[in-house]
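Enquirer: Submitted below is the structure of interest, expressed as structure tokens.
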Amino acid sequence: MRLKMGLFFLSITPSAFGKHAFPIEVAWTSLNDNNVESHLIKPPEPWLHPPWFWSETARERHGISRERLCAEGIPISEICNRMNATFRGHTILSDYPGRDRKLLDLLFLSSGMQQGFELSDALANTARHLENLGLCAADFWKCFALVAEFYPSRDRASDDVVWWREFWRTLNRFD
């Protein structure tokens, strides 16, 4: 099995679908271990008012209430410190890099901190990895079906990163 050392998967759950969403949960895992780090994000006061948007449709999907965020969420500075410490020097993959970059920008800007890592596109990296393994599109879809059978839910950030970790592990078993 040829695993890429230092490869992380990151996912952020947004408060809504659209440009005025704010991050409510962040999760990550490494390809090389089974630990998942997941945090609810305590929204700063300005995020609780327009133009920031909270969607009940999104809440029904992810199951996280505003009340729970305010009560159980971690301050954004703690989350930003933890991500910077964890990700420095590693490859970070996201399946929604455009959206996740915007949400990360908002997190770091609101914390007053500098982001010390970059996101890469999970799909683009997966395509390159398939090619490096000598696999084809049919192998991708076989792998996708296998992983989806065991990990069907991807409505929360933690579910999403586990899905990607297991997808890459399964992909590596094909060669």
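Enquirer: Among what's in the range 52-98 and is crowded, with 16+ Cβ neighbours inside 10 Å and part of a strand (DSSP E or B), pick the residue that is modelled with the lowest pLDDT.
Expert: Result: Thr91.
Enquirer: Starting from the range 91-111, take each residue that is touching a residue at least 40 places away in the same chain (Cβ under 8 Å) and list its partners that are β-branched (Val, Ile, Thr) and assigned to a helix (DSSP H, G or I), counting only C-beta distances under 6 angstrom and pairs at least six apart or across chains.
Expert: Pairs found: Leu107/Ile76; Ser110/Ile76.
Enquirer: While we're on this one: Quick check on this structure: which one of Glu118, Glu37, Glu72, Glu60 is without any contact (Cβ under 8 Å) to a residue 12 or more places away in the chain and of a type outside the set (Lys, Arg)? Spell out how you get there, then give the answer.
Expert: Working: Glu118 fails: without any contact (Cβ under 8 Å) to a residue 12 or more places away in the chain; Glu37 fails: without any contact (Cβ under 8 Å) to a residue 12 or more places away in the chain; Glu72 fails: without any contact (Cβ under 8 Å) to a residue 12 or more places away in the chain.
Going through Glu118, Glu37, Glu72, Glu60 in turn, the sole match is Glu60.
Enquirer: Criterion first (within 19 Å of Asp160 (Cβ to Cβ) and part of a strand (DSSP E or B)) does Leu104 satisfy it?
Expert: Criteria not met by Leu104.
Enquirer: Answer yes or no as to whether Ala127 is among the hydrophobic types (A, V, I, L, M, F, W, C), part of a helix (DSSP H, G or I) and under 20 Å from Trp168 (Cα atoms).
Expert: Yes; evaluated as a whole, the condition is true for this residue.
The values are calculated or read from the model by the stated rules, or taken from the named source; none is laboratory data. All values reported here derive from a predicted model rather than from experimental measurement. FYI the Cβ positions are ideal-geometry reconstructions off the backbone, even for glycines, and counts take in every protein chain you see.
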